[in-house]
Every structure is written in C-alpha cells, then in structure tokens.
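Trainee: First the structure, which I've put down as structure tokens, then a few questions once you've had a look.
The values are calculated or read from the model by the stated rules, or taken from the named source; none is laboratory data. On a predicted model such as this, the values are computed, not experimentally measured, just so you know. All Cβ positions, glycine included, derive from the backbone under ideal geometry; neighbour counts span all protein chains shown. For the accessible areas, the whole protein counts, side chains as well, though only heavy atoms, and no ligand, DNA or RNA atoms are used. Shrake-Rupley method; radii C 1.70, N 1.55, O 1.52, S 1.80 Å.
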Amino acid sequence: MAAHSKCNNSKRDFLAAQEHRERWQEQNLVINNQYITKELSDYFNCDAEKSRSVSDWAYQVAQANSAKLWVGINSFEFAESAIY
C-alpha cells in the first residue's frame, strides 16, 4: 500500500492495519477500479478479484503468525486482534 514518504518509511515492510486495508479495497477495488484498469492495464495486470485474493492470503498468513500490522507512525496492532 502506497503512503507518503514519512509514513512509508515508518511502515517499511509491514502489512497495513485492517482500517487501511479496508480503505484501499474501497478506493482501488470498488470506486476507482475502472479508472485504474483503464490507466494501468497496458503496464500491469489489473484484476480486482485477484488483488483481493492475494490480500486475503497475506492477511491470513499474518493472522496465523500473529504478525504486527502498521497502524501509523510508531503504532502497530497484532493481526490476531483484527478480523479478516
């Protein structure tokens, strides 16, 4: 998930917290799906269902391993406390 540089540096390689994931899904897979597909399909495979499936898999792995999820700068929650 993209973020501005200060947050991106704080997030590093952690998955985003559920609240960020839900916002990403709404903005990119629902509201802007057609626009994103139109603009990026020449460069990327744009498939909302595959993106959602990969996201589901990553968060299930995080939950199984009680991984930390990035909430904000220096703020994390454990995946086991989130609902997927």
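Trainee: Counting other Cβ atoms within 10 Å, which chymotrypsin sites (Phe, Trp or Tyr not before Pro) in segment 1-72 have at most 16 and lie in a DSSP loop? Intermediate values should be presented prior to the final figure.
Mentor: Working: sites: F14, W24, Y35, Y43, F44, W57, Y59, W70; in loops: F14, Y43, F44.
Passing sites in segment 1-72 are F14, Y43, F44.
Trainee: Mind checking the per residue accessible area of the chain for me, 1.4 Å probe, whole number of Å²? All intermediate terms of the calculation are to be shown ahead of the outcome.
Mentor: Working: 6030 Å² over 84 residues.
Here the per-residue accessible area is 72 Å².
Trainee: What is the mean projected area of the alpha carbon convex hull for segment 21-84, to one decimal in square nanometres? Each step should come with its number before you reach the end.
Mentor: Details: hull surface 20.3 nm².
One quarter of the hull surface, i.e. the mean projection, equals 5.1 nm².
Trainee: Cα axis of helix 48-64 to longest principal axis of the chain: angle in degrees, 0 to 90, nearest 10?
Mentor: With both axes taken from Cα atoms, the answer is about 10 degrees.
Trainee: Over the chain, what percent of the accessible surface lies on carbon and sulfur atoms, probe 1.4 Å? List each step's numbers first, then the result.
Mentor: Numbers: 3010 of 6030 Å².
Within the chain, the accessible surface is 50 percent carbon and sulfur.
Trainee: Given the -39500 (n - 2.57) contribution per DSSP H run of 4+ residues, what per-residue ellipticity at 222 nm results for the chain, rounded to the nearest 500 deg cm²/dmol?
Mentor: Working: 4 runs with 39 residues, N = 84.
After summing the helix terms and dividing by residue count, I get -13500 deg cm²/dmol.
Trainee: For the chain, what is the relative contact order in percent, using Cα pairs closer than 8 Å and at least 6 residues apart in sequence? Don't jump to the answer; show the numbers that get you there.
Mentor: Working: 70 pairs, mean separation 31.5, N = 84.
Answer for the chain is 37 percent.
Trainee: I've got another one for you. What lysines sit close enough to K11 to cross-link, taking a C-alpha to C-alpha distance under 27 Å and skipping anything fewer than 8 places away on the same chain?
Mentor: K50, K68
Trainee: As an exercise, take the mean of 1/r over every pair of distinct alpha carbons in segment 1-43, invert it, and state the Kirkwood radius in angstroms.
Mentor: One decimal place: 11.7 Å for the Kirkwood radius.
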